[in-house]
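In what follows, a structure is listed as structure tokens, so that the remarks can point back to it.
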Amino acid sequence: MTTTATTADALEDALASRFSCRGFLPQTIEDHVLRRLFTMAQRTASWCNSQAWQVELVGGAAVTGLSERLLAHVPVAAEQPDIPGPERYEGVYQDRRRACGFELYNAVGIARDDQMGRLTQMLENFRFFGAPHVAIITSPKALGTYGVMDCGGYVATLLTAAESLGINAIAQAAIAMYADVVRAELGIPEDRSIVCAVSLGYADPDHPANTFRTSREDVGVAVSGLP
């Protein structure tokens, strides 16, 4: 297929307008729209076409049950991720991370010294920000880094496809830090690593967390050798 200006413009618009939704309406997504979304995401490119991703899509009572277990577990238990998190953030990576956090706290009115407010906002991750649908993304442990990388590509495609369909979403690594709880609740096999969750629904336009947008580095800094 020859790419047209209209196709490129539509993709550019979707990428530019997408944001991480942190406040959802209770309205569910229609079944045929969900099927179209995940059919689109299935076109993600992968290493040797292995298509490492497996998705557990939950809604309704299953979301509530998973949220309740996580909220009871997280404040009192240590993290048990299948995939270790970053050792540390340094330099520009720490700067970007801090900026994102400060912008979120400012949007929802949490002061830097308000530790309880920060904890409450952090726990919203485990309420899935009120989303009616949650997709848990897993990868075969045997595929190691390449399987996880393919799942990252899948998540990026899923987020962009959701935006193109008028669906709001957020990718959540926090859920993967408690892989033991997610695995037990959803019956995910031990031979699969829990990579992340993607919460899906429709944004609450009045929620203050949805008012801020993260910035992006200039392309000339991120990419060497551009003309």
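FYI, it's all coordinate maths here, none of it is from the lab. As the structure is a prediction and not an experimental result, all values here were calculated from the model. We place every Cβ from the backbone using ideal geometry, glycine too, and count neighbours over all the protein chains shown.
Contact map, region 96-109: first residue surrounded by 14 or more Cβ atoms within 10 Å (Cβ to Cβ), second residue in a helix (DSSP H, G or I) and not acidic (Asp, Glu), Cβ cut-off under 6 Å, separation 6 or more or different chains; pairs are Ala107/Pro208; Ala107/Ala209; Ala107/Thr211; Val108/Pro208; Val108/Ala209. The number of residues in region 67-95 that are in contact with a helix residue (DSSP H, G or I) (Cβ under 9 Å, 6 or more places away or on another chain), of a type in the set (Gly, Ala, Ser) and either within 19 Å of Arg216 (Cβ to Cβ) or surrounded by 13 or more Cβ atoms within 10 Å (Cβ to Cβ) (or both) comes to 1. If you take the residues in region 177-227 that are over 25 Å from Arg98 (Cα atoms) and of a type in the set (Val, Ile, Thr), which one is surrounded by the most Cβ atoms within 10 Å (Cβ to Cβ)? The selected residue is Ile194.
Looking only at region 48-60, decide whether some residue is assigned to a helix (DSSP H, G or I) and surrounded by fewer than 15 Cβ atoms within 10 Å (Cβ to Cβ).
Filtering region 48-60 down to residues assigned to a helix (DSSP H, G or I) leaves 48-49.
Still in the list and also surrounded by fewer than 15 Cβ atoms within 10 Å (Cβ to Cβ): 48-49.
Yes; the residues of region 48-60 include at least one that is assigned to a helix (DSSP H, G or I) and surrounded by fewer than 15 Cβ atoms within 10 Å (Cβ to Cβ).
With respect to Glu185, determine if the residue is within 24 Å of Arg88 (Cβ to Cβ) and acidic (Asp, Glu). Working first, answer last.
On the way: within 24 Å of Arg88 (Cβ to Cβ): no; acidic (Asp, Glu): yes.
Here the answer is no, as Glu185 does not meet what is asked.
The lone criterion from (1) within 21 Å of Val195 (Cα to Cα); (2) under 16 Å from the mean Cα position of the chain (by Cα) left unmet by Arg88 is number (2). Residue count for region 148-163 satisfying the condition of being under 9 Å from Ala14 (Cα atoms) and either of a type outside the set (Gly, Ala, Ser) or surrounded by fewer than 17 Cβ atoms within 10 Å (Cβ to Cβ) (or both): 2.
Filter region 171-227 down to the residues that are in a helix (DSSP H, G or I), in contact with a strand residue (DSSP E or B) (Cβ under 7 Å, 6 or more places away or on another chain), closer than 17 Å to Phe128 by Cα and charged (D, E, K, R) and list them by number. Listed by number, the list holds a single entry, Arg183.
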